[in-house]
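Notes for the one structure printed next.
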Amino acid sequence: MNLDEYMSFDATGLAALVAAEEVTPVELLDLARRRMREVNPALNAVVIETEAEADLRVRQRLSGPFAGVPFLIKDLEQQYRGYPTTSGCRALRSVVETQNALVTDRFLDAGLVVFGKTNTPELGAKGVTESELWGPCRNPWDTTRTPGGSSGGSAAAVAAGIVPAAGANDGGGSIRIPAAATGLVGLKASRGLMPYGPQAGELIFGMAVQGVVARTVRDSAGLMDAVVGPNRFADYQAAQPERPFADVIRDRPGRLRIGYSGHSAIRGEPTADAAAALESTARLLTELGHEVEEVAPPYDDKALAQTFLTIWFGQVAGQVSEIKALTGAGDGDFEADTLAMAEVGRANGVVTLMRALGEIVTYTHAMERFYESYDYFMTPTLAEAPIEVGSLDTPKPLQTGARLAYRLHAGGALVRTGIVEQLIDENLGWVPYTQLANITGRPAVSVPVYWTPNGLPLGVSFNGRLGADGALLQLAAQLEEAAPWRQRFPARP
């Protein structure tokens, strides 16, 4: 098998070749590494290699539905024993894991060959992948632009053909944003469905979930089947799927009623690219027999952003405190933006945090009322095409102010600098749609059905009812069949 052949197969196809003994896991790993060496210097997608474990694994008798397929995991909440999980943070670069995350174990049990970990922003706290520890990750469709975040390293690696799928997770859009920015499929699962721990319980009060980014819907479905399952250490057990997702996507959905909108209270009307993505997808859905109509947004995304960021900042404050206690790290081991978020979270206090948590029910009820009339809510995944690397960098004076405010516990003064509004308008301004699914715990999928005239991917997202994960993948499979994207690759370097 040559490199072009390797890149033409998805994970399901590669696993079938291994099972038929037409190719060996050793050969596949060599090809994946060859492709990584070819493109990673320009992309900075893979930041940690797990060479010894991968070399040992491919020489063992592997079992599982993806036996022998090369795979990468995200360097955030996908812990791998014997290696650090840096989470893009200098303070964690020397902390070696003593046990795997449950999701990592399930990837391994599926027969996947993990040979590295992928780039992520510090603590996964941004929609771009540009940490000071690892440096920026770049989009293989245009290396001046971001692949999004926080699973940007995984998405860039898959889009560039290093692997056909990779581990990811999503606390505010971190699967769907990079999937949309790089031309991949990204499902954010229903709350509680994907396993978490054992290092910690649910993250961000259950808003964050594990998952993958993949080139094909059948890989997304098959990897979900491999990972979803009871977790006896979980705080609660979500209802398990009645059928394997890989079976569900073989059926086609009946006539669906889909409401869509590109309006954002943060951003205003969508850019021409985002509007074109919506309109072309609406036409395609209509041709497929679905009823599609433009609707007013069923929620206020500016208010939702305030709720989301209040919870997020509280989480970051706790994380920074915990990391400092674990490692003895000082303020200088964290980025200024992270300290700013942590200080705002600390200054907000428990009453403000609890009020924000209580506001979640408002958005859940609003969406459930929407689903009384519609099957799905469709939006652009991104408000604009992938933005340039570095375009969201905080100016140096504000960074200095953030560090000083953190040291002096001057969170109120920090808020008055306008940094919170900047985080909303700039960091969420190009991705104002994705936090809805995390706040409400509902599933959402981004599918790569649109490319801009400049050749950049700009995905479209569907939000569904709780437990509609299989149905969303089924719709994604129908769209993939109608407008195939599997063989679309960035230009070879």
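Could you please let me know if residue 5 is over 16 Å from residue 112 (Cβ atoms), assigned to a loop (DSSP other than H, G, I, E, B) and at pLDDT 95 or above? Taking the combined requirement at face value, the residue does not satisfy it.
Scanning the stretch 389-408 for residues that are in a loop (DSSP other than H, G, I, E, B), of a type in the set (A, V, I, L, M, F, W, C) and at pLDDT below 95 yields a count of 1.
The criterion of at least 1 residues that are among the hydroxyl-bearing types (Ser, Thr, Tyr) is met, among strands (runs of 3 or more DSSP E) falling completely within the stretch 109-228, by 113-118. Taking the criterion of being touching a strand residue (DSSP E or B) at 6+ places or on another chain (Cβ under 6 Å) and within 17 Å of residue 113 (Cα to Cα), the residues of the stretch 37-49 that qualify are 46, 48, 49.
Residues are listed down the side, and each one gets a yes or a no for (1) surrounded by fewer than 20 Cβ atoms within 10 Å (Cβ to Cβ); (2) within 17 Å of residue 171 (Cβ to Cβ); (3) touching a Phe, Trp or Tyr at 6+ places or on another chain (Cβ under 9 Å):
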| residue | (1), (2), (3) |
| --- | --- |
| 282 | yes, no, yes |
| 287 | yes, no, no |
| 293 | yes, no, yes |
| 304 | no, yes, yes |
| 311 | no, yes, yes |
| 315 | no, yes, yes |
| 321 | yes, no, no |
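Given (1) at pLDDT below 95; (2) touching a helix residue (DSSP H, G or I) at 6+ places or on another chain (Cβ under 6 Å), where does residue 353 come up short, assuming only one miss? Against the list (1) at pLDDT below 95; (2) touching a helix residue (DSSP H, G or I) at 6+ places or on another chain (Cβ under 6 Å), residue 353 comes up short only on (1).
Residue 329 passes every criterion in (1) surrounded by 15 or more Cβ atoms within 10 Å (Cβ to Cβ); (2) modelled with pLDDT of 95 or more; (3) in a helix (DSSP H, G or I); (4) among the small types (Gly, Ala, Ser) apart from (3).
Would you call residue 272 farther than 24 Å from residue 440 by Cα and among the aliphatic types (A, V, I, L, M)? Here the answer is yes, as residue 272 does meet what is asked. Could you say whether any residue in the stretch 405-420 is closer than 16 Å to residue 302 by Cβ, of a type outside the set (Ser, Thr, Tyr) and without any contact (Cβ under 8 Å) to a residue 60 or more places away in the chain? Scanning the stretch 405-420 turns up at least one residue that is closer than 16 Å to residue 302 by Cβ, of a type outside the set (Ser, Thr, Tyr) and without any contact (Cβ under 8 Å) to a residue 60 or more places away in the chain.
The number of residues in the stretch 18-61 being under 22 Å from residue 74 (Cβ atoms) and part of a loop (DSSP other than H, G, I, E, B) comes to 4. Does residue 110 meet the test of being farther than 17 Å from residue 157 by Cα, buried (at least 22 other Cβ atoms within 10 Å of the Cβ) and not polar (S, T, N, Q)? Judged against the criteria, residue 110 is a match. Across the stretch 229-270, the qualifying residues are those that are assigned to a loop (DSSP other than H, G, I, E, B), at pLDDT below 95 and among the polar types (S, T, N, Q), and the one among them that is surrounded by the fewest Cβ atoms within 10 Å (Cβ to Cβ) is 240.
The values are calculated or read from the model by the stated rules, or taken from the named source; none is laboratory data. All values derive from a computational prediction rather than experimental measurement. Glycine also receives a Cβ, built like all others from the backbone with ideal geometry; neighbour counts cover every protein chain displayed.
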